[in-house]
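What follows is a set of notes on a single structure, which appears directly below.
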Amino acid sequence: MDIINTPAADAADHPPLSEEQVISNLQQESDLSDQYYAAWWLGRMRSRHPQTVPLLLKTLQTFQEHPDDQDRRGVALNAIRSLGWLQETSTSDILSGLLQSNDYGIREAAARSLGSMQAPNAVKALCSLLASGPTIAGQERPNSALLQEPCEAILEALGSIGSNRADVLNVIRPFCNHARALIRSAACRAMLQLTQDGQWAQQLEQLLNDPTPLVRRGALLDLGATGWLPSLPAIQATAAENSLKLVALRGLAEQSGDSKVLDAMDSLL
């Protein structure tokens with residue numbers, strides 16, 4: 001008789017890893033799949049082990065020494081994400097340096113982590129990637145769905161970091177007219193966060209009525225991330241899954257604390 005694995009059986013065969021075991025898995029270099037999982041685990045579990053950050057940084061160095069090794073690239077990407085989840089601002093200079101990587105995915109992950117840790121020293125490097133504007137940085141790559149730069153991640157990072165200097169706004173503003181709706185959404189999100197000017201909220205609300213579900217979802221999450229309370233009715237009326245509306249409303253609630261947002265969340269549960 002074939003034995004069917006169940007979650008209970010899997011748990012018995014593979015008990016949860018301890019932090020010490022995960023640290024050990026990241027230290028060793030013979031099994032990169034163990035390293036890959038460890039680099040993710042330490043960030044998601046908000047590890048504060050004294051070896052966590054040094055080991056995550058070591059994986060980045062190792063990847064730079066072997067840039068063509070796709071397995072090590074995967075480990076490095078997880079390490080970059082984990083540094084963002086850990087809010088490890090002491091590594092922001094290193095992550096800013098990764099914005100110059102030839103690897104699109106590395107630049108994108110670094111931008112997201114820098115935005116997560118709200119690293120002001122990264123603003124100049126982030127802006128430099130977008131300085132050529134939508135027609136160059138935002139141009140589609142030949143035979144690819146990717147743009148020349150990970151514009152969406154960079155725009156979101158700039159909005160999260162919060163520097164509203166004129167030179168930063170001048171870099172972001174042209175992307176509000178980008179051909180791709182999700183790039184426009186990310187740019188309007190950043191402009192709203194940095195200026196608190198309702199015109200950018202209005203543009204986001206228009207995207208909530210886009211015929212494409214993916215665009216509606218993106219604009220919904222972007223509006224929630226801004227914490228712009230006047231958009232509460234528009235968020236509630238969006239043709240999107242309740243689970244995504246809850247995520248957006250949680251963003252509003254965390255920044256406003258308004259009881260109307262909590263009531264709206266309750267109505268979706």
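Only one entry in 115, 97 is within 12 Å of the chain's Cα centre (by Cα) and within 30 Å of residue 194 (Cβ to Cβ), namely 115.
On the given criteria, is residue 82 within 19 Å of residue 47 (Cβ to Cβ) and surrounded by fewer than 14 Cβ atoms within 10 Å (Cβ to Cβ)? It is false that residue 82 is within 19 Å of residue 47 (Cβ to Cβ) and surrounded by fewer than 14 Cβ atoms within 10 Å (Cβ to Cβ). When each of 129, 147, 169 is tested for being closer than 19 Å to residue 115 by Cβ, among the aliphatic types (A, V, I, L, M), in contact with a strand residue (DSSP E or B) (Cβ under 9 Å, 6 or more places away or on another chain) and surrounded by fewer than 23 Cβ atoms within 10 Å (Cβ to Cβ), the lone residue that passes is 147.
Counting only helices (runs of 4 or more DSSP H) that sit wholly inside the stretch 184-269, those with at least 3 residues that are among the polar types (S, T, N, Q) are 198-207, 242-256. Residue 33 falls short on exactly one of the conditions (1) under 30 Å from residue 163 (Cα atoms); (2) assigned to a helix (DSSP H, G or I); (3) of a type outside the set (A, V, I, L, M), and that condition is (1).
Looking at 189, 180, 184, which one is in contact with a His (Cβ under 9 Å, 6 or more places away or on another chain) and under 19 Å from residue 214 (Cα atoms)?
Being in contact with a His (Cβ under 9 Å, 6 or more places away or on another chain) and under 19 Å from residue 214 (Cα atoms) holds for just one of 189, 180, 184, which is 184.
Only one of (1) part of a loop (DSSP other than H, G, I, E, B); (2) surrounded by fewer than 15 Cβ atoms within 10 Å (Cβ to Cβ) is not met by residue 124, so which one is it? Single failed check for residue 124: (1). Only a single item in (1) part of a loop (DSSP other than H, G, I, E, B); (2) modelled with pLDDT under 95; (3) charged (D, E, K, R) is not met by residue 48, and it is number (2). Taking the stretch 1-43 as the search range and keeping residues that are modelled with pLDDT of 70 or more and among the aliphatic types (A, V, I, L, M), which one is farthest from residue 57 (Cα to Cα)? My answer is 17. Considering only the stretch 59-69, I want to know if a residue exists there that is of a type in the set (D, E, K, R), surrounded by 16 or more Cβ atoms within 10 Å (Cβ to Cβ) and free of Cβ contacts under 8 Å to residues at least 40 places away in the same chain. No, the stretch 59-69 has no match at all.
The values are calculated or read from the model by the stated rules, or taken from the named source; none is laboratory data. Everything quoted here is computed from the prediction, not taken from an experiment. As a convention, Cβ positions derive from the backbone with ideal geometry for all residues, glycine included, and neighbour counts pool all protein chains shown.
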